Amino acid sequence: QVQLVESGGGLVQAGGSLRLSCAASGTTFSLNVAGWYRQAPGKQRDLVALIYSSGSTNYANSVKGRFTISRDNAKNTIILQMNSLKPEDTAIYYCYTPKWGENYWGQGTQVTVSP
């Protein structure tokens with residue numbers, strides 16, 4: 001059974017930084033794609049960043065140059081470093097990975113950026 005557990009959300013002022021982590025059990029991040037999505041109130045869940053088994057990455061245009069996704073293979077964890085945060089980054093952030101045709105999500109962690 002795949003379980004994803006996020007941590008690191010919180011409240012920060014605009015221009016600040018936060019670091020999100022997602023620890024996995026029941027799957028190995030380095031063998032598949034994994035990443036982060038976010039959902040603001042009243043909006044759909046959107047892609048933030050992905051990291052592939054090769055280590056290559058993909059980012060939403062809105063976060064390029066500000067967010068960095070990385071992977072710690074020893075800890076089976078993915079990390080999202082978020083810098084220069086903006087109020088529009090406020091959302092619940094979800095860790096994601098697929099396995100055997102199923103999509104798995106973490107419980108979500110709230111990120112709130114005040115003006």
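The values are calculated or read from the model by the stated rules, or taken from the named source; none is laboratory data. Computed from a predicted structure; not experimentally measured. Glycine also receives a Cβ, built like all others from the backbone with ideal geometry; neighbour counts cover every protein chain displayed. Protein only, heavy atoms only, side chains kept; ligands, DNA and RNA dropped before computing areas. Shrake-Rupley method; radii C 1.70, N 1.55, O 1.52, S 1.80 Å.
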**Report entry** Residue check, Tyr59 free of Cβ contacts under 8 Å to residues at least 12 places away in the same chain and within 13 Å of the chain's Cα centre (by Cα)
**Finding:** yes
Report summary line: Residue set Ile92, Ile69; condition in contact (Cβ under 8 Å) with a residue 40 or more places away in the chain and either part of a strand (DSSP E or B) or open to solvent by 50 Å² or more (accessible area, probe 1.4 Å) (or both); output residue Ile92
Query - Options Thr27, Thr109, Thr97: the member that is in contact with a helix residue (DSSP H, G or I) (Cβ under 8 Å, 6 or more places away or on another chain) and under 20 Å from Val2 (Cα atoms) - result: Thr97
Query raised in the report: What is the one condition in (1) over 24 Å from Ser114 (Cβ atoms); (2) under 12 Å from the mean Cα position of the chain (by Cα); (3) among the small types (Gly, Ala, Ser); (4) surrounded by fewer than 16 Cβ atoms within 10 Å (Cβ to Cβ) that Ser7 does not satisfy?
Result: (1)
Report task. Please enumerate the residues belonging to the range 4-27 that are among the hydrophobic types (A, V, I, L, M, F, W, C) and part of a strand (DSSP E or B). Result -> Leu4, Val5, Leu11, Val12, Leu18, Leu20, Cys22, Ala23, Ala24
Query raised in the report: Restricting the search to the range 27-42, which residues are under 11 Å from Tyr94 (Cβ atoms) and surrounded by 15 or more Cβ atoms within 10 Å (Cβ to Cβ)?
Result: Gly35, Trp36, Tyr37, Arg38
Report summary line: The residue from Gly65, Gly16 that alone is at positive phi and modelled with pLDDT of 95 or more is Gly65
Query raised in the report: Do the conditions hold for Thr77, that is, is it touching a residue at least 24 places away in the same chain (Cβ under 8 Å), more than 12 Å from the chain's Cα centre (by Cα) and either open to solvent by 50 Å² or more (accessible area, probe 1.4 Å) or closer than 17 Å to Gln107 by Cα (or both)?
Result: no
Query raised in the report: Can you find even one residue in the range 71-86 that is closer than 13 Å to Gly9 by Cβ, small (Gly, Ala, Ser) and at pLDDT 95 or above?
Result: no
Report task. Return yes or no: is Thr57 buried (at least 17 other Cβ atoms within 10 Å of the Cβ) and polar (S, T, N, Q)? Result -> no
Query raised in the report: Among the residues of the range 95-115, how many are assigned to a strand (DSSP E or B), hydrophobic (A, V, I, L, M, F, W, C) and open to solvent by 50 Å² or more (accessible area, probe 1.4 Å)?
Result: 1
Report summary line: When the range 28-57 is checked residue by residue, the ones that are in contact with a strand residue (DSSP E or B) (Cβ under 7 Å, 6 or more places away or on another chain) and not in a strand (DSSP E or B) are Phe29, Ser30, Asn32, Val33, Ala40
